[in-house]
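A.B. asks: Would you mind keeping the following structure in view while I ask a few things?
The values are calculated or read from the model by the stated rules, or taken from the named source; none is laboratory data. This one's a predicted model, so the numbers in the text were calculated from it and none came from an experiment. Heads up, the Cβs are rebuilt from the backbone with ideal geometry, glycines too, and the neighbour counts pull from every protein chain shown. Remember, those area values only see protein heavy atoms, side chains included, never the ligands or the DNA or RNA. Shrake-Rupley method; radii C 1.70, N 1.55, O 1.52, S 1.80 Å.
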Amino acid sequence: MASPSTGFPSDFFWGCATSAYQIEGAVAEDGRAPSIWDTFTHTPGTIAANENGDVAADHYHRWQEDLDLLQAMGANAYRFSISWPRVLPQGKGKVNAAGLGFYDRLVDGLLARGITPFVTLFHWDLAQAVQDRGGWPARATVAEFEEYARAVAHRLGDRVTWWITHNEPFFSGVGGYFLGNFAPGLVDPVAALHASHHLLLSHARAARAIRDEARGPAKVGLALSLSAVQPASSSEADVQAAGRFDAFTNRWFLDPVMRGEYPAELAQRFAPLGTPIEPGDMQEIHEPLDFLGVNYYSRSIVRHDDATPFLEAAQVKPEHGEFSLMWEVYPPGLFELLDRLWRDYHPPLLLVTENGMPLADAPDGRGHVEDGERISYLARHLAQVQRAMARGIRVGGYFVWSLLDNFEWALGYSMRFGLVYVDFASQKRIPKSSAEWFHRVIQHGLPQGAS
Ligand code: GCO
């Protein structure tokens, strides 16, 4: 029921999201072994300005201060990820007590501040040792991920209720093994196809492991990168191309999890690559979810393009529109997406697990960081969440990407997404004006006219 004071239900989760490699630093401490992102970032030419996450926002040492900032904002939820190579440096085998201990303290620190932890098991930082044995293209990685999930759930499952198995498996599979712009940087369609299937299977196995190990009512889901896909024109060719693009970027992961099948048009196009599917896999992948996590930033406008292999579909930049440093700003797409997910897939609950805006923030002469454009972005997207909820769509929470400015993957530190500014030289934190705005929204709801 909506609380009269904010317009959002009183049990709505208001939070920020982060990921381990993007904020923690301390890459060689307390027994952590390298992940594929350590290897990738230390390969010259892969990352803007050859930057890396060796120190990042030094969250591993400053987590208490960071949780205080979250609490000061009034957040009642925090989504963070666990680094596989901190917990199992070799990817499997002996648990590194010091590594898992860090997350144990983090969970206690959140609970002590009245903040509900949302644990993501995999936000792209695959243990390098696992990659050396074949990585996600190898089916054996599924069992190793299950072992890792079990170890984490065994330790934290008495206090953590909300679990996200994978963050944006599309980028782990396609970005890492086909587009090559993400670790491990391969360009191999067969590897990407196998990797994607194994990511899905590992999601289901991990979900079951979490449910086995949890000592309370576990809520398990995954967070997908999803966009509102629209054809560039009403021509039949563009409409068909948009359908294929949607099948590739949205439905390739949605359909197996929510329906137990791959989109037919892709299965057909990818057939020449061979199939990683074994009997029983699709039933397993169809393991019921407690919620679906939606990472939304922008829409995709798509036209037919003969030159794009497999898909024959390409994204076009709209001529008119509003743009951030990375993408078009299109708030109605969030409503369109939530509405579509609700109608087409009937998830028990939706959570907006990421939404945010990159800016080149910098402190002004008074040491303040004024990020009005981010406030406008967030306000307009939240208004779309509210619009969806008014139509009866169950949205249980909203997580801003991100708490802190951090390491933005291939773009290094050139993009700032935080509600809190980080001066990477001194590691000083400055809450931006958006942090104060978010605090007010959590207390009082959206100001009138924020749509
Ligand atoms: C993502 C990522 C984040 C990015 C963010 C901005 O899940 O894509 O979770 O790691 O930093 O999306 O690009």
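A.B. asks: Mind checking whether some residue in region 117-125 is open to solvent by 10 Å² or more (accessible area, probe 1.4 Å), within 16 Å of the ligand (Cβ to nearest atom) and not polar (S, T, N, Q)?
C.D. replies: yes
A.B. asks: Failed condition for residue 375, given (1) within 16 Å of the ligand (Cβ to nearest atom); (2) β-branched (Val, Ile, Thr); (3) open to solvent by 10 Å² or more (accessible area, probe 1.4 Å), with all others met?
C.D. replies: All conditions are met except number (1).
A.B. asks: Scan region 183-196 and report the pairs whose first residue is within 12 Å of residue 276 (Cβ to Cβ) and whose second residue is assigned to a helix (DSSP H, G or I) and among the β-branched types (Val, Ile, Thr), with Cβ atoms within less than 9 Å and a gap of 6+ or a chain change.
C.D. replies: Cβ pairs passing all conditions: 192/174; 195/141; 195/174; 196/174.
A.B. asks: So, one more: I'd like to verify a number: residues in region 1-45 that are among the β-branched types (Val, Ile, Thr) and modelled with pLDDT under 95, how many?
C.D. replies: Counting residues in region 1-45 that are among the β-branched types (Val, Ile, Thr) and modelled with pLDDT under 95 gives 1.
A.B. asks: OK, next. Considering only region 330-350, state which residues are surrounded by fewer than 19 Cβ atoms within 10 Å (Cβ to Cβ) and assigned to a loop (DSSP other than H, G, I, E, B).
C.D. replies: 346, 348, 349
A.B. asks: Within region 228-243, which residues are under 17 Å from residue 344 (Cβ atoms) and open to solvent by 20 Å² or more (accessible area, probe 1.4 Å)?
C.D. replies: 229, 230, 243
A.B. asks: Can you tell me which residue in region 412-422 is surrounded by the fewest Cβ atoms within 10 Å (Cβ to Cβ), limited to those that are more than 8 Å from the ligand (Cβ to nearest atom) and in contact (Cβ under 8 Å) with a residue 60 or more places away in the chain?
C.D. replies: Restricting to residues being more than 8 Å from the ligand (Cβ to nearest atom) and in contact (Cβ under 8 Å) with a residue 60 or more places away in the chain, the top hit is 414.
A.B. asks: What are the residue pairs meeting all of these: first residue in region 226-254, first residue in a helix (DSSP H, G or I), second residue surrounded by fewer than 17 Cβ atoms within 10 Å (Cβ to Cβ) and not charged (D, E, K, R), Cβ atoms under 7 Å, and 6 or more apart or on different chains?
C.D. replies: 254/345
A.B. asks: Something else now. Could you check region 1-103 for helices (runs of 4 or more DSSP H) lying wholly inside it with 1 or more residues that are in contact (Cβ under 8 Å) with a residue 40 or more places away in the chain and either within 14 Å of the ligand (Cβ to nearest atom) or open to solvent by 20 Å² or more (accessible area, probe 1.4 Å) (or both)?
C.D. replies: Because the criterion is at least 1 residues that are in contact (Cβ under 8 Å) with a residue 40 or more places away in the chain and either within 14 Å of the ligand (Cβ to nearest atom) or open to solvent by 20 Å² or more (accessible area, probe 1.4 Å) (or both), the helices (runs of 4 or more DSSP H) in region 1-103 that meet it are 20-23, 36-41, 59-72.
Here is a yes/no grid of residues against (1) away from the ligand (no atom under 16 Å from the Cβ); (2) free of Cβ contacts under 8 Å to residues at least 60 places away in the same chain:
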| residue | (1), (2) |
| --- | --- |
| 329 | no, yes |
| 339 | yes, yes |
| 343 | yes, yes |
| 354 | no, no |
| 361 | no, no |
| 364 | yes, yes |
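A.B. asks: To continue, here is another question. Against the condition without any contact (Cβ under 8 Å) to a residue 24 or more places away in the chain and either over 23 Å from the mean Cα position of the chain (by Cα) or surrounded by 15 or more Cβ atoms within 10 Å (Cβ to Cβ) (or both), how does residue 322 come out, does it pass?
C.D. replies: So residue 322 fits the description; yes.
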